[in-house]
1. Specify the residue that is surrounded by the fewest Cβ atoms within 10 Å (Cβ to Cβ); the eligible residues are those in region B:102-146 that are more than 8 Å from ligand 1 (Cβ to nearest atom), hydrophobic (A, V, I, L, M, F, W, C) and within 13 Å of B:Leu157 (Cβ to Cβ).
2. Quickly run through region C:203-250 and pick out the residues that are within 18 Å of the chain's Cα centre (by Cα) and on the phi > 0 side of the Ramachandran plot.
3. Select from region C:241-262 the residues that are surrounded by fewer than 22 Cβ atoms within 10 Å (Cβ to Cβ) and under 12 Å from C:Leu207 (Cβ atoms) and list them in ascending order.
4. From (1) away from ligand 2 (no atom under 11 Å from the Cβ); (2) assigned to a loop (DSSP other than H, G, I, E, B); (3) touching a helix residue (DSSP H, G or I) at 6+ places or on another chain (Cβ under 6 Å), pick out the condition that doesn't hold for A:Gln38.
5. I need the full set of residues from region B:15-27 which are surrounded by fewer than 23 Cβ atoms within 10 Å (Cβ to Cβ) and either among the basic types (Lys, Arg) or in contact with a Gly (Cβ under 9 Å, 6 or more places away or on another chain) (or both), in order please.
6. Report yes if C:Lys235 is among the basic types (Lys, Arg), more than 12 Å from every other protein chain (Cβ to nearest Cβ), farther than 27 Å from C:Arg134 by Cβ and not in a loop (DSSP other than H, G, I, E, B), otherwise no.
7. Name the single residue that is farthest from the other protein chains (Cβ to nearest Cβ) among those in region A:57-74 being more than 16 Å from ligand 1 (Cβ to nearest atom) and of a type in the set (S, T, N, Q).
8. Please go through region C:92-119 and pick out each residue that is of a type in the set (A, V, I, L, M) and more than 18 Å from C:Thr253 (Cα to Cα).
Amino acid sequence: MRLTVNGIERELSTRPLDTLLNALREELGITSPKAGCQQGGCGACTVLIDGEPRRSCLTPLVAVDGATVTTVEALGEPGNLSPVQAAFYEQYGLQCGFCTPGFVLATTAMLERNANPSREQILEELVGHVCRCTGYVKIVAAVEAAARGDVSEAALEAGATGPSRREPEVLVPGSPA
Amino acid sequence: MTNLTNVLVPTSADDAAAAFGDGSGVTVVAGGTIVMPDIKLGRLCPERTLYLGRAGLDRIERSGGMCRIGAATPVSALVDGAPEPLATFAAHVGDREVRGQATIGGNLCAPATATFSRGDLQAPLLTLDARIRSAGSTGERTDSIEDFLAAGPDGRLVLEIEVDEPKRAASASVRRPHAHAYTILAVAAAETAAGIRVAIAGAGPRAVRATSVEQALADGASPEDAGQKALDDVDPQDDAIASGNYRRQVLPALVTRALGDLS
Amino acid sequence: MKAVGARLPRYDGVGHVTGRTRFVDDVRIPGTLWAKALRSPHPHAGIKRLDTSKAEKHPGVHAVITHKDVPRNVYGHLEALGVPADEPLLADDDVRYKGQPIAVVAAEDEATALEAVELIEVEFEEREPVFDIRKAYDADAKPFHQWGPAFPHFGPYASRRIRKGDVDDAFERADVIVQGVYRPQAIEQLPIEPQVGLSVPEPDGRLTIYSCTQAMYFSMGVVAAHLEWPLNKLKFVGGTVGGGFGGKVDTATETITALLALKANRPVKWRWTREEEFLCSSTRAPWHMELADAVTSDGWLLGRKMITLHDAGAYTRFSSYGVTKHSFHHTGAYTIPNLRFDGYVIYTNRSPTSAMRGFGVTSVSYAVEIHMNRIAETLGIDPLELRLKNANRIGDLTANRVRLSDPSTVPVVLAAADRIGYELGAEFKQMTSEPRSGDLLPDHLLTSVARDGGAETDGRGA
Ligand SMILES: Cc1cc2nc3c(=O)[nH]c(=O)nc-3n(C[C@H](O)[C@H](O)[C@H](O)COP(=O)(O)OP(=O)(O)OC[C@H]3O[C@@H](n4cnc5c(N)ncnc54)[C@H](O)[C@@H]3O)c2cc1C
Ligand code: FES
Ligand code: FES
């Protein structure tokens, strides 16, 4: 099986009927897709296959022979977040973080298709993603902020290390800090 | 014992039929949305697998009042590409990711579980008088959807599904307002050259035609009166998704609503 | 005060959005084996025979453990509080809930481990299961637990008891008695990260255990107790939890991976499936609560009698602790001077129950609040005004003898009324939490407020 994962072409030895999730995690050590349920029900294992969000736990490796697979590791990295990543970070669209890679990828793909989704469209498109921590309010706020392009410089650069590292800012003016 | 390496990947319908043979010892994987978890949990131990994704069975053709749908067509492609009420039912399957991967053939052949039914697309296919072209031990053959569902998919490889373009179509359903709701109960109705057909999903292990409702309509009954007949056709049971009692209460109203929309 | 009121970035947020956060399942140690368990298919059965020899010989299998491999198999979550142990790590001569682990295999990969589990031979003698707490408490019920139908270790009692004031007198004086039975059912906590643990034998003889537990030091103690090891030979790595909600308080995977890792001398990971999470992990308990309130026709709560049955499932775990918290809250946010409460921990053949958000308290809040509405309906008075009238106030004494200094019932009810546009009578709108006086200090509340008297509980332990 040959596939391009996060921009690098790979020859995989995982068996063709094993899941893409297993191949990514166990053979390639790409651990952002999570094994939340391994039966399609939670969205934690979501990856982009040729740009479309898919459940890697439902996908046999044979189905992605020759395909391009993108995980959240390739969207951006600490210090250089993608706008969607930065919005989830800045708007608190996450708590434990286990569902976050799936949400970030599905949101990224949705905004590619439709830069201006309505609230209903956001809910409909993300309905397959389960988050047990946030209650979704902040997640929807993060998606809306990303769609508006309402993402701060500081958030885009969050997580940078080294001399240019910015101190985290207190984001609400007038707070007692 | 499970063999995850022995996977056949035919690149044409003929190759697929040849690889399938009489189907013995072969597990078909189309979208894999049902098969893959079963393998992972050890509920299914395939020795030889036929992967359908590259057999060119993913096309929809509409012409001459007819629509031909390859068995491996993803459910998402039906949402914009198939006639009603199939398109609406397709839009209600699972979620965006699942629809992109799940196929119509897999839905038609989905085994019912002990706790709930699967295969929501069977109901609209019943109303559209679908013909199922399949390969197997006796070679290729075409069955009416009712015969196909009655016999079950064992030993058959579905290649193509052909439906009539309806004159009119409608549907009504109760779904749960959160992720991954299998339909609790759904009613499809359509008028084709074969007349008005009504089918019910979610009231048994697989979808069924509501022939008593159809007969009442033919006898001139109103949507309300015809709706009452639905309980002659099915006997809804309790399952993991809803109680039989709830379904019995709701079903006549759903049928009435669908029939009202049809006219 | 740098943090209060400020919008501080999450310290772990960047890791989460970039996929860099390392959860237990993401830890990669070369040579890691995968564990799978043989679990009981029956809710209640004797084990007549258990033979793991075929599984041990299966290619790719490195270790199989049963109860015989556990230095100290039976442990109790509340031993530190003097409650004896009752739960085996791996089933010995019987199984008491469906999904109870009997043997666990470590193999090269999950599929091989699953195959080996199928090769374990076990002979059961099925027994009648008990699922309903109320029926389990019937006089003619046949208890399966060595302690009988109910946990007997509430100090000298078989129930968590609260006795306050003179309940019989309150019921004598009541204009109306309002009764209700409330039965909330089990709930699975359902974190998106399933239970997972990874134990790594180190060259220095210690064990490193990667754990998703919500209770690190507690889990360390549990593992050390089962292994009969000193704590300093265990290194726990935790703190990154993919959701717990109480479901990761009990120690689920750590001890078993530790034993397998020691036996195989390889790192061992055990990751539960979603099915295991639903069927075998602890849930919030079902409860059966019976309330009777002595009330006056103008809406004073004079007294309450309450019996609670808490479903422990097959073993005790933290149940008695949950019932104790429950008992402390059985008057809700209201002051009731005369109380008689008995809370029983009942054993059934369900998977053991445990913590979930507000352990023991959510159930009683649910019952109390519905009961308040029922009282208001019975008396034909406003349900919010009933609450305000009986609300906790500064200086009131709770069921467990806490003198309240900052109760919040009144402001909370007023704020809720305001938000939903609910009209309250003028005297209620003005209400505060200030100490009782005048109309709000009727005779029957004097003992509950004025002196530290009248209340008696049987201690605060488990
Ligand atoms: C999260 C989630 C939500 C879901 N929601 C819904 C829903 O709302 N409604 C619904 O109906 N279903 C639902 N499903 C079930 C499933 O996704 C669909 O039924 C889907 O259409 C099955 O198609 P598939 O191609 O993925 O099937 P597969 O898993 O590939 O196959 C299913 C079965 O059909 C057989 N099969 C497949 N193709 C053929 C063929 N051409 N010939 C003969 N046999 C074949 C397979 O051998 C297997 O037994 C859901 C599944 C998941 C995971
Ligand atoms: S792990 Fe794939 S959807 Fe849950
Ligand atoms: S942040 Fe924990 S599940 Fe979503």
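1. Going through the qualifying residues, I end up with B:Ala135.
2. Once the filter is applied, which keeps residues that are within 18 Å of the chain's Cα centre (by Cα) and on the phi > 0 side of the Ramachandran plot, region C:203-250 yields C:Gly243, C:Phe245, C:Gly246.
3. C:Leu262, the sole residue that qualifies.
4. Condition not satisfied by A:Gln38: (1).
5. Keep residues of region B:15-27 that are surrounded by fewer than 23 Cβ atoms within 10 Å (Cβ to Cβ), which gives B:15, B:17-19, B:21-27.
Correct list: B:Ala17, B:Gly21, B:Asp22, B:Gly23, B:Ser24.
6. So C:Lys235 fits the description; yes.
7. Within region A:57-74, the match that is farthest from the other protein chains (Cβ to nearest Cβ) is A:Thr68.
8. Answer for region C:92-119, where residues must be of a type in the set (A, V, I, L, M) and more than 18 Å from C:Thr253 (Cα to Cα): C:Val95, C:Ala111, C:Ala116, C:Leu119.
The values are calculated or read from the model by the stated rules, or taken from the named source; none is laboratory data. Keep in mind that this is a model prediction, so the values were computed, not measured. Reconstructed Cβ throughout: ideal geometry from the backbone, glycine too, with neighbour counts over all protein chains shown.
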